[in-house]
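Below: the structure, in structure tokens.
Values in this text are rule-based calculations from the coordinates and carry no lab data. Just so you know, these numbers come straight off a predicted model, no measurement behind them. Here the Cβ is made from the backbone with ideal geometry for all residues, glycine too, and neighbour counts use every protein chain on show.
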Amino acid sequence: MKRDVIVACDFPTAEQTLAFLDGFSDEKPFVKIGMELYYGAGPEIVRAIKARGHKIFLDLKLHDIPNTVKKAMHVLSALDVDICNLHCAGGLDMMRAAVEGLTREDGTRPLLIGVTQLTSIDQTRMENELLINRPLPEVVMQYAQNAKAAGLDGVVCSPLEAEKVHSVCGDGFLTVTPGIRFADGAVGDQQRVTTPAKAREIGSDYIVVGRPITAADDPVAAYRRCVKEFAGE
Ligand code: C5P
């Protein structure tokens, strides 16, 4: 299904993550596992969450030479995750190799999405540290087009960029967007935020939501509210 709420399970241990998921009885949220949890708990936490019936976005942002990424993607594909990702900055050959590595013998594979420029990189840093002297939105769109050309399924981007990505890469190219906050919630360290309802209007395919759900007094109620708002109900 396209359009879903992905819960960022940014917990340090498998125990905390599974205890959090125990709170959900009827629904099985799409779960994002990031570097901290994966490096700490290993592939076993992916298998455990999969066995409970959740879909998984494994957010490891691979970035290496094509051969290394291809082999690593082959391993992740065997873990049966639903979405995984890489840095578009690794180049077209690396992205093509990733698609090859992910593709199973029967032709199926997890969705693969690209990180364009990290939201922690602004125009000044990009120019002064990375020596890229082009406007940031132009760089983001070029990386998105590279990802599409390499056969990726979409990109991670700010919800505010989702509309432009769709206009440049087509509506079928997925936009996965973090930086989501409820209208009455705390913004925290996210710079540019959007509500689930607004993300829907702009055309986000998947929203990634962490603390508004994980740190809520009632995470299940917060998840349900998020799903409802994103569904336009
Ligand atoms: O708690 P919060 O809703 O801010 O969590 C957002 C999640 O999305 C975190 O796991 C964060 O690492 C991830 N993310 C992000 N911004 C990006 C890429 C990923 O917030 N540009």
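Things worth noting here:
- Charge tally for Met73 (other residues, Cβ to Cβ under 12 Å; Lys, Arg +1; Asp, Glu -1): +3.
- D (Stokes-Einstein, µm²/s), Kirkwood Cα radius, region 119-202, 1.002 mPa s at 20 °C: 154
- Projected onto planes of every orientation and averaged, the convex hull of the alpha-carbon atoms in region 42-90 covers 3.3 nm².
- Region 1-44-region 74-132 distance, computed between alpha-carbon centres (Å): 21
- Each eigenvalue of the Cα gyration tensor of the chain, multiplied by 5 and square-rooted, gives one semi-axis; in descending order these are 26, 23, 16 Å.
- Taking all Cα-Cα distances within region 67-170, those exceeding 15 Å account for 62%.
- Dimensionless Rg over Rh [region 1-113; C-alpha; Kirkwood]: 0.98
- Compactness of region 180-225 was expressed as the Cα radius of gyration divided by 2.2 N^0.38 Å, which yields 1.10.
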